[in-house]
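Peer 1: First the structure, which I've put down as structure tokens, then a few questions once you've had a look.
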Amino acid sequence: MTVADAPEANDVTRGERAVVIGVERGGNANGRSSEARLDEAAGLAEAIGISVVGRKAFRLRSPRAATLLGKGQVSEIGDIAREHEAGLTIVDAQLTPVQQKSLEEETKTKVIDRTSLILEIFGERAATAEGRLQVELAHLDYQAGRLVRSWTHLERQRGGFGFLGGPGETQIEADRRLIRDRMARIRRELEQVTRTRTLHRDRRQRAPWPVIALVGYTNAGKSTLFNHLTGEDVVAEDMLFATLDPTMREIKLPGFDKAILSDTVGFVSDLPTQLVAAFRATLEEVASANLLIHVRDISHPDSDAQKSDVDDVLAQLGVGKDEEGTPPLIEAWNKVDLLGPDDREAVTAEAVRREGVVPISAATGFGLDQLDMMMSERLQSGTKLHQVRLSVSDGQKIAWLHARGDVVDQRSDDDDVHLAVRLSTENWARFQALQSA
């Protein structure tokens, strides 16, 4: 038997009827209302085709080791599931294996927690070989601690001759060893992918084109903005985690003949630590960018809480606002077209008062010219003005300066061209090397 042959811990099926259970631990979680938490959990479930037929939030006074919630609350969850003919209960919290097993027995439904639900979404959405490996690694890491409730054969003793473990090795020990072996193989494969990615990143950094990374909460509109700026047609749906694998395309900005725009996976509150670890190599593209655009759904009632969640993940990646060497960041307050006139006016006025904020609508194109200018200004913030004199016959070098710098003045006399050009430190060094070649 291999790990791949073993029953899945979750085995969630598309179209399955489910009830979503919220857990309030005293005070709002990250400033969110219980209704907002339930809405997000239901949205996560619907993102993989689960039919949410009921929902309710329960206040948790003191966690129970066996069931998390109290006996009466668990009984009520079972009643809700039977009333709606639901075979799946989604608990918007982290459950221990014992709690998960006990809840299944008490409610007579299959039970999954928030971490398991997010892993299911990532497993369905991963499109590249690297993405699938990252998701499998995260899933195995999660599954390894839940064998007690996942598989039914774990109490058997495996006898034999030591081919798959010593005499008397329990099935659970053998299965854990299989998982550890598979995880080690995946890590080796990902290390090779990471080395390749690092080479590509180093090559980009040696090129004269800046890299701009879009970050933000899931469903904030990053992919819609990416499509508008690049003219591409990547998946952009009103759905949580519509984008999983990163995409890079060329764009033009004032003062630059080319820049690279990267669309990244969206973040979410309580993102499983297994996923942050597994996707670190992919997310490190964010840390190596020259500029970050934090796309916020400013029309969402929990926009501030979502910003806090994104900031937390960025801090985990070493690009928090207080970290040395962090790329400059612009906040793009998206979806202003969904606001009423008074709210739109208030948001626009607030954006003007703040540095590095621009209100936009990726759907309609509102504010994108201003965003382009702000991106260009941020990327050129480390530039210096240089006076350059070239022969009129040096057309290639003149074109190079126009392509990689901001030529603010150019005049010609009989034999020479005089240019005033803003260049980054890196591009000025490249130009001097070009001159001496």
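Peer 1: If you go through the stretch 227-266 one residue at a time, how many are in a strand (DSSP E or B) and either within 19 Å of the chain's Cα centre (by Cα) or modelled with pLDDT of 75 or more (or both)?
Peer 2: Step one: list which residues in the stretch 227-266 are in a strand (DSSP E or B), which gives 247-253, 256-263.
Next cut, either within 19 Å of the chain's Cα centre (by Cα) or modelled with pLDDT of 75 or more (or both) only: 247-253, 256, 258-263.
The qualifying residues number 14.
Peer 1: Next up: State whether the residues of the stretch 349-370 include one that is at pLDDT 95 or above and touching a Lys or Arg at 6+ places or on another chain (Cβ under 6 Å).
Peer 2: No, because not a single residue in the stretch 349-370 is at pLDDT 95 or above and touching a Lys or Arg at 6+ places or on another chain (Cβ under 6 Å).
Peer 1: Follow-up question, since we're still on this one. Could you tell me whether residue 418 is outside the structural domain of residue 333 (by TED's automatic domain parsing) and either at pLDDT 90 or above or assigned to a loop (DSSP other than H, G, I, E, B) (or both)?
Peer 2: Numbers: outside the structural domain of residue 333 (by TED's automatic domain parsing): yes; either at pLDDT 90 or above or assigned to a loop (DSSP other than H, G, I, E, B) (or both): yes.
Answer is yes for this residue.
Peer 1: Let me ask something else. Within the bounds of the stretch 326-343, is there any residue that is part of a loop (DSSP other than H, G, I, E, B), surrounded by fewer than 13 Cβ atoms within 10 Å (Cβ to Cβ) and charged (D, E, K, R)? It would help to see each step written out before you state the result.
Peer 2: We begin by selecting, within the stretch 326-343, every residue part of a loop (DSSP other than H, G, I, E, B); these are 326-328, 335, 339-340.
Those left that are additionally surrounded by fewer than 13 Cβ atoms within 10 Å (Cβ to Cβ): 340.
Applying the additional criterion that residues be charged (D, E, K, R) yields none.
No, there is no match, as no residue in the stretch 326-343 is part of a loop (DSSP other than H, G, I, E, B), surrounded by fewer than 13 Cβ atoms within 10 Å (Cβ to Cβ) and charged (D, E, K, R).
Peer 1: When the residues of the stretch 48-87 are filtered to those that are on the phi > 0 side of the Ramachandran plot and under 32 Å from the mean Cα position of the chain (by Cα), which remaining residue is surrounded by the most Cβ atoms within 10 Å (Cβ to Cβ)? Break it down into steps so the answer makes sense when it comes.
Peer 2: Within the stretch 48-87, the first condition is being on the phi > 0 side of the Ramachandran plot, and the residues that meet it are 49, 68, 85.
From what's left, under 32 Å from the mean Cα position of the chain (by Cα): 49, 68.
Numbers: 49: 12, 68: 24.
Checked the stretch 48-87; the qualifying residue surrounded by the most Cβ atoms within 10 Å (Cβ to Cβ) is 68.
Peer 1: Follow-up question, since we're still on this one. Are there any pairs, at least 6 apart or on different chains, whose C-beta atoms fall under 6 Å, with the first in the stretch 377-391 and modelled with pLDDT of 90 or more and the second in a helix (DSSP H, G or I) and surrounded by fewer than 18 Cβ atoms within 10 Å (Cβ to Cβ), and if so, which?
Peer 2: Listed pairs, sorted by first residue: 390/397.
Peer 1: Another question, if that's okay. Which of the residues that make up the stretch 88-147 are among the basic types (Lys, Arg), closer than 30 Å to residue 191 by Cβ and either in contact (Cβ under 8 Å) with a residue 12 or more places away in the chain or surrounded by 22 or more Cβ atoms within 10 Å (Cβ to Cβ) (or both)?
Peer 2: First pass over the stretch 88-147, keeping only residues among the basic types (Lys, Arg): 101, 108, 110, 114, 125, 132, 146.
Next cut, closer than 30 Å to residue 191 by Cβ only: 114, 125, 132, 146.
Correct list: 114, 125, 146.
Peer 1: Another question, then. Would you call residue 53 in contact with a Leu (Cβ under 7 Å, 6 or more places away or on another chain), modelled with pLDDT of 95 or more and not acidic (Asp, Glu)? First the steps, then the outcome.
Peer 2: Values: in contact with a Leu (Cβ under 7 Å, 6 or more places away or on another chain): no; modelled with pLDDT of 95 or more: yes; not acidic (Asp, Glu): yes.
No: the conditions fail for residue 53.
Peer 1: In addition: Could you run through the stretch 197-226 and say how many residues are modelled with pLDDT of 90 or more, part of a loop (DSSP other than H, G, I, E, B) and in contact with a Gly (Cβ under 9 Å, 6 or more places away or on another chain)?
Peer 2: Qualifying residue count for the region: 1.
Results for (1) farther than 21 Å from residue 216 by Cβ; (2) not hydroxyl-bearing (Ser, Thr, Tyr), shown as yes or no for each residue.
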{"site": "329", "(1), (2)": "no, yes"}
{"site": "366", "(1), (2)": "no, yes"}
{"site": "370", "(1), (2)": "no, yes"}
{"site": "373", "(1), (2)": "no, yes"}
{"site": "391", "(1), (2)": "yes, no"}
{"site": "396", "(1), (2)": "yes, yes"}
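Peer 1: Which one of these is without any contact (Cβ under 8 Å) to a residue 60 or more places away in the chain and over 30 Å from residue 219 (Cβ atoms): 402, 418? Before the answer, list the steps.
Peer 2: Details: 402 fails: without any contact (Cβ under 8 Å) to a residue 60 or more places away in the chain.
After ruling out the rest, the residue left standing is 418.
Peer 1: Would you mention how many residues in the stretch 125-168 are at pLDDT 50 or above, assigned to a loop (DSSP other than H, G, I, E, B) and among the basic types (Lys, Arg)?
Peer 2: Adding up the residues that qualify gives 1.
Peer 1: Could I ask something else about it? Give the residues of the stretch 285-310 that are part of a helix (DSSP H, G or I), of a type in the set (Asp, Glu) and more than 12 Å from the chain's Cα centre (by Cα), sorted by residue number.
Peer 2: From the stretch 285-310, those part of a helix (DSSP H, G or I) are 285-287, 303-310; that's our starting set.
Applying the additional criterion that residues be of a type in the set (Asp, Glu) yields 285, 304, 309.
The answer is 304, and nothing else.
Peer 1: Whether any residue in the stretch 396-403 is within 30 Å of residue 431 (Cβ to Cβ), under 24 Å from the mean Cα position of the chain (by Cα), modelled with pLDDT under 90 and of a type in the set (A, V, I, L, M, F, W, C) is what I want to check.
Peer 2: As a first pass, look at the stretch 396-403 and keep what is within 30 Å of residue 431 (Cβ to Cβ): 396-403.
From what's left, under 24 Å from the mean Cα position of the chain (by Cα): none.
Looking through the stretch 396-403, none of the residues is within 30 Å of residue 431 (Cβ to Cβ), under 24 Å from the mean Cα position of the chain (by Cα), modelled with pLDDT under 90 and of a type in the set (A, V, I, L, M, F, W, C).
The values are calculated or read from the model by the stated rules, or taken from the named source; none is laboratory data. This structure is a prediction, so every number in the text was calculated from the model and none was measured. Note: ideal-geometry Cβ built from the backbone for every residue, glycine included; neighbour counts use all protein chains shown.
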